[in-house]
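Visitor: Got a structure for you, written out below as structure tokens; questions coming shortly.
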Amino acid sequence: MILVCHGLFIIFITIAFAIDVRHSKLPNMLTMCGTIFGLLFHTWLEGWDGLLFSLIGACTGFLIVFVLYVIGALGAGDVKLFAAIGAIMGVMFVLQTLVYAILWAGLIGVCLILIQRKMRATGRKLAGWLFSIFALNKIETIIELKQQKNIKFPFMYAVFPAVAVTSYYSLL
């Protein structure tokens, strides 16, 4: 039964990827359906324990990515997507996927910086921001970071391979 859940999850994440790449937006209907599916599936499969498993996963995914949303790193659709991932796959899967997604996003970001030949300028900006935040204790620098024009790409470009890696290791 777990393989059925995993298979349906892969279909869900593939649909989310296709929509986000095409429209640069994750529809609420999709993320809500994913979250509700996870809650109902696990409740049906395991009763109250399944509901608790799904709720903890959804809340974990939502809250951690919400922090990234507040600082301007991700969009609201990503917050709801990670709630759905947590509801369907559970807390450990959502945490592992988030770690891999951040690593993939960093790799993609570095590649984009290299392609656009902005490595030196970006390195100087980053060093200044880090010095300001950590050495001078200027927390308001985070707000300034949010207002900067930065290289952006859909986070799903990082989430999709992160899900693949997490799925691979979770099925071993």
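Visitor: List the relative contact order of the range 1-106 as a percent without decimals, with contacts defined as Cα pairs under 8 Å and 6+ residues apart.
Guide: Over the range 1-106, the number comes to 30 percent.
Visitor: What are the ³J(HN,Hα) values, in whole Hz, obtained from phi via the Karplus relation 6.51 cos²θ - 1.76 cosθ + 1.60 with θ = phi - 60°, for each residue of the range 7-14 in sequence order, with x given for Gly and Pro?
Guide: These are the phi-based 3J(HN,Hα) values: x, 5, 5, 4, 4, 4, 5, 5 Hz.
Visitor: While we're looking at this one, here's another question. Quick check: residue separation of VAL110 and PHE66 times 0.36 nm, minus the Cα distance between them. What number comes out in nm?
Guide: 13.5 nm
Visitor: Binning at 10 angstrom from zero up to the longest distance, how are the C-alpha pair distances of the range 1-87 distributed in percent?
Guide: Percent of pairs per bin, in order: 19, 48, 27, 5.
Visitor: Distance in nm between label sites at ILE10 and TRP48, each 7 Å beyond Cα in the beta-carbon direction?
Guide: 3.5
Visitor: How much length is gained if the chain between VAL165 and LEU40 is pulled fully straight, taking 0.36 nm per residue apart and subtracting their Cα-Cα distance, in nm to one decimal?
Guide: Value of the extension gain: 42.4 nm.
Visitor: Taking 0.36 nm per residue of sequence separation and subtracting the Cα-Cα distance, how much length would be gained by fully extending the chain between CYS33 and PHE153, in nm to one decimal?
Guide: So the chain would gain 40.7 nm between CYS33 and PHE153.
Visitor: Same structure, new question: If r is the Cβ-Cβ distance from MET92 to CYS59 and R0 is 22 Å, what FRET efficiency results, to the nearest 0.05?
Guide: So, using R0 = 22 Å, E works out to roughly 0.95.
Visitor: Work out from phi, with θ = phi - 60° and the Karplus expression 6.51 cos²θ - 1.76 cosθ + 1.60, the ³J(HN,Hα) of each residue of the range 23-38, listed in order in whole Hz, and give x for Gly and Pro.
Guide: For the range 23-38, the Karplus curve yields 10, 6, 7, 9, x, 4, 4, 5, 5, 5, 4, x, 5, 5, 4, x Hz.
Values quoted throughout were computed directly from the atomic coordinates according to the rules given, and no laboratory measurement underlies them. Model, not experiment: these values are computed from the prediction. Here Cβ is always computed from backbone atoms with ideal geometry, including for glycine, and neighbour counts include all displayed protein chains.
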